[in-house]
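Coordinate-derived values only; no laboratory data. Values in this document were obtained by computation on a predicted structure and should not be read as measured data. We place every Cβ from the backbone using ideal geometry, glycine too, and count neighbours over all the protein chains shown.
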Amino acid sequence: MAPIPARIRTLSRLLRIIALLSATLLPILVALLWSQTAHWADWGITWSDAFRICGITPAQLAPSQRLLGFLTDLPALVAGSAAFFILAGICRRYGQGELFSAAVARAYRRFALALLIWGALRVLAQTLLVLALTLDLPPGQQLVVISISSDTLAMGLLGLAVYLLGQVMEEGRRLQEDNALIL
């Protein structure tokens, strides 16, 4: 195996650190945000359409609603953290010199799957958030909304593109093995 260029090692190390930090901090920061909804406007945070649909602002949320809001985000946060951990694993393999291994190709497909699941769970989170925000309303006034944003669609397309990349890498690895057998 040829030595890995220093630039690839350096960039993979940097991206690995960023991915690990993101995987770790994502749920923590979202939990902190949900605990401080009264300050969202001061911080310039734009909130979900769920608040507009329900006719309330984040500052009006009761503690139980903030907790429910965080819990609706939790499955998507787990998927997002998993995606970042998988990306960190890909970068670790790159740093070790594994550029076109079967393990890297599988990791790309797992990364793609995590992105697709993350996007789907974000849609579910928005639906559950609207339900959580209207839970205290009288029967008949509770809402269930399905919302798909352009960000979610972009994440889905990115997930599909990464899956394709994993497939192409696997095929490239197979061709490389076949060529190595030719004398």
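You will find that of 137, 128, the residue that is free of Cβ contacts under 8 Å to residues at least 12 places away in the same chain, farther than 27 Å from residue 18 by Cβ and not small (Gly, Ala, Ser) is 137 and no other.
Given segment 1-95, what helices (runs of 4 or more DSSP H) lie entirely inside it while holding 2 or more residues that are among the β-branched types (Val, Ile, Thr)? Here the list reads 6-35, 63-95. Screening residue 27 with (1) in contact (Cβ under 8 Å) with a residue 24 or more places away in the chain; (2) within 30 Å of residue 131 (Cβ to Cβ); (3) over 20 Å from the mean Cα position of the chain (by Cα) gives one miss only, at (3). Criterion applied to 155, 169 was being of a type in the set (A, V, I, L, M, F, W, C), without any contact (Cβ under 8 Å) to a residue 60 or more places away in the chain and either surrounded by fewer than 18 Cβ atoms within 10 Å (Cβ to Cβ) or under 22 Å from residue 87 (Cβ atoms) (or both), and the one residue passing it is 155. Hey, could you check segment 38-66 for residues that are surrounded by 14 or more Cβ atoms within 10 Å (Cβ to Cβ) and of a type in the set (Ser, Thr, Tyr) and say which is nearest to the chain's Cα centre (by Cα)? Among residues in segment 38-66 that are surrounded by 14 or more Cβ atoms within 10 Å (Cβ to Cβ) and of a type in the set (Ser, Thr, Tyr), the one nearest to the chain's Cα centre (by Cα) is 48.
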